[in-house]
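Okay, so here's the structure we're looking at.
The values are calculated or read from the model by the stated rules, or taken from the named source; none is laboratory data. This structure is a prediction, so every number in the text was calculated from the model and none was measured. Cβ coordinates were reconstructed from backbone atoms using ideal geometry, including for glycine residues, and neighbour counts include every protein chain displayed. We work out accessible area using only protein heavy atoms, side chains counted, and drop any ligands, DNA or RNA first. Shrake-Rupley method; radii C 1.70, N 1.55, O 1.52, S 1.80 Å.
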Amino acid sequence: MAARLHSGAALRWLAATGVAAAAALLLALLHANSTTAGMVFLVLVVWSATLAGFALSLYMAALCAVAFDYCFLPPVHTLWLAGAQQWVPMLAFAAGSLVVSRVAERARRQTKSAELRQHDLEQLYELSQEMMLYDDTASLVRELPRLIARIFALEGVVLFVRDHDRIYASPADVPPGIEAGLRTLTQSLSPTVALEPGYHATSLTLGLRALGSLAWRPPALSREISAAIAAQVATVLARAFALEASARLEAARESERLRAALVDSLSHELRTPLTSIRAASTTLLHSEQSHGLDDAARLDMIRLIDEESSRLDALIGEAMEMAEIDAHATQVRLAPQHPRALLDQAVEESRKALASHRVSIEVEEPDRPAWFDSHLLGRVLRHLIENAASYTQSGSRIALASRRSGGRLEFSVQDNGPGIDPLDLPLIFEKFYRGKRGAKARKGSGMGLAIVRAI
């Protein structure tokens, strides 16, 4: 790399020498006067200062001064000047060359500085846009070192986040001593921290709150860019933590709201079958004492008690099922199973709900085993089957099917019932929600489809 740089510099100096010599020869062949020659040589000095910098422009100015004196100022073909009239254009050329070289160099540096600032702003903008693409705090924090390293062409970036009390790095290997140094910097125990050679570190603060610290190598970033990166990262981390805290608070409120709704719903739903059971049992008890009921009426009371007891048992089962899911106590136990066996089992366990319906099962052949939890999928199918049976007329057909599509195994439950009102579609999977048709058609807790979605 160094050899290529040295060879490139040598070529530039040789090119400057060649250009000056060629210009002098061409002007001599054209018999140009001293004024024309001086202007051409001055243009060459400006051109070299603009393209190659101040040092090369001084070299070009010296070459052009020698050529100007030797070829165009009397006595010609000597390096002497005849008198004051010859010194004036030479001194004017030298002063003009020096001034335009400095001006051109300053303009070149300002142009280069503006290009660097534009490049830095583009990188900062790209970093801000990339960070805004992440929805959750965990992914954002995990990917931040990789984003910074990629966008700013750094060899390594290490991020310490105080709230997580963790180090995130790109590449993943963290040099010894970096973690302790970043922790010390974050805690402000020392104004300067000696990190692993080659790393530069800065703290991430927002107001008076220390969020963490950031280190990178090589330390090629300017102080302004380092401060801008630190400010961006600190702002995004603070925003992400605020959203995370807000989400936790909202989840707690939602959990409390659902708990209250569960209690209210269950209180109402449980009282209804209990009231019917108590009324029927009280009637039977009094009838035994007064002999006021015949066998048919007594059988109706017994049937009512049985139906309401079953309904009560189903409500309690759904409440326990939803509580188990909400508590994240559900475990998935995968095993190779045949789709046909799962559908047969779901129909068998739902035979009471399907007593007055025609059931068909269609399984795409070959019926190869697939990995799934038959217990959980069975619960899903039973809820769907019971819904289909409840909202369709007796004697109607309910079709269960399985097929493979795109590397997936799909199960479906289809009926020819009245369908779902379009206004209810966005809400049918919410807990305790029952559409207009459902509320009129049958009694229920409104938890079945919520359980299906949760599983």
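Model label points for Asp163 and Ala247, set 7 angstrom from Cα along the Cα-to-Cβ axis, are 1.1 nm apart. Extension gain, Leu133-Ala62: 0.36 nm per intervening residue step, less the Cα-Cα distance, totals 19.8 nm. Counting heavy atoms of the protein chains alone, His383 has an accessible area of about 20 Å² for a 1.4 Å probe. Within region 351-398, the percentage of alpha carbon pairs spaced more than 12 angstrom apart rounds to 69%.
From the P(r) of region 122-243, can you give the percent of Cα pairs sitting at distances over 20 Å?
On the way: 2548 of 7381 pairs.
Of the Cα pairs, 35 percent sit more than 20 Å apart.
Kindly provide the Kirkwood hydrodynamic radius of region 125-175 in Å, to one decimal, from all pairs of distinct alpha carbon atoms.
Values: mean 1/r = 0.0885 Å⁻¹.
Hydrodynamic radius (Kirkwood, Cα pairs) of region 125-175 is 11.3 Å.
A simple spin-label model places pseudo-atoms 7 Å from Cα toward Cβ; at Ala399 and Ala114 they are separated by 7.2 nm. Note on Leu133: accessible area is roughly 130 Å² with a 1.4 Å probe, heavy atoms of protein only. Sorting Glu365, Glu179, Glu308 by accessible area puts them as Glu365, Glu179, Glu308; the probe is 1.4 Å, largest comes first, and only protein heavy atoms count.
Based on the Cα coordinates of region 93-162, what is the per residue volume of their convex hull in Å³? Before the final figure, lay out each step's value.
On the way: hull volume 7.3 nm³, N = 70.
Each residue corresponds to 104 Å³ of Cα convex hull volume.
FRET efficiency for the Ala454 to Met39 pair, using the beta carbon distance and R₀ = 56 Å, is estimated at 0.05.
Label positions at Leu26 and Tyr125, each projected 7 Å from the Cα along the C-beta direction, are separated by 4.1 nm. Applying the Kirkwood pairwise sum to the alpha-carbon positions of region 335-433 produces a hydrodynamic radius of 14.5 angstrom.
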